[in-house]
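Below is one structure, written out as structure tokens; comments come after it.
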Amino acid sequence: MSRARILADYVSSGDELALKAPLASPAFTGTPTGITGTHITSGTLGNTVQDNITRLGTVTAGNLSNTAIVMPRFKEFDFFKVYSNEQTTTSNLTDLNISDTSYLEVTPESTADIIEFGYDFSYYWSNGYLGWGIERATDTDFDDNRASIWRNGEHTVGPYSSGVPPYGSHGGVVTQTASTFGMAAGTTYYCRMIGMTHNGTTNIYFGTVGSNNTHEGVKLTMKRWSIE
């Protein structure tokens, strides 16, 4: 009997050779070994397959390092509240300290950091115009690198006239990058509220406290986010 005939009988008899996986669509059984990442050259594993091999598992350490990912991280917070009741009768002031000895601190890690200031204060005035803003410096005496980082102008409120209540309260939020606020990375800045006056000012109180108030006065908060 020829070898070809013996092989044909062996296959047709249903013996183990016929049970081997076909080349076209092999179905693995047992635990295949020797397959590495280099053998997978295209395509994507389906979700079911990924779930069966515990897709990513639990990440307990490490950072997202892809430069295309931008995810701001909350990094710093500070605030102060003071009953300053700062009085002035002087006109044309652009940076009157209305925070007494209070200030807050911020240290940007990058000039691209996002910094948000929230403010609130009360006031009383009997004549003229007034405005307000925020200033920063690199020392707590506000002598070094002192500069206004935001002001709304000395005509923001006014003029006073008879019949108009002389008391008021204002609050708001100012948000910019550290660069826009003129802040350098790695430098600590001290920030506080300032007042402004215009011609005709006779009597203005910043941070005055009225009857039955709750947490009134001059308040400043700071929040910083980093995106690098």
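Remark: ASN85 falls outside the filter, which requires a residue to be farther than 15 Å from MET222 by Cα, crowded, with 16+ Cβ neighbours inside 10 Å and modelled with pLDDT of 95 or more.
For VAL157, the test of being closer than 14 Å to CYS191 by Cα and modelled with pLDDT under 95 is failed. Criterion applied to THR187, THR101 was being within 28 Å of PRO72 (Cβ to Cβ), in the same structural domain as VAL218 (by TED's automatic domain parsing) and surrounded by fewer than 16 Cβ atoms within 10 Å (Cβ to Cβ), and the one residue passing it is THR187. Scanning region 99-127 for residues that are over 17 Å from THR138 (Cα atoms) and in contact with a Pro (Cβ under 8 Å, 6 or more places away or on another chain), we see that the one that is modelled with the highest pLDDT is ILE114. Filtered by the rule that a residue be part of a strand (DSSP E or B) and either under 25 Å from THR101 (Cβ atoms) or in contact with a helix residue (DSSP H, G or I) (Cβ under 7 Å, 6 or more places away or on another chain) (or both), region 176-203 gives TYR189, TYR190, CYS191, ARG192, MET193, ILE194, GLY195, MET196, THR197.
The values are calculated or read from the model by the stated rules, or taken from the named source; none is laboratory data. As the structure is a computational prediction, the values presented were derived from the model and not from experiment. Neighbour counts run over all protein chains shown; Cβ positions are idealised from the backbone, glycine included.
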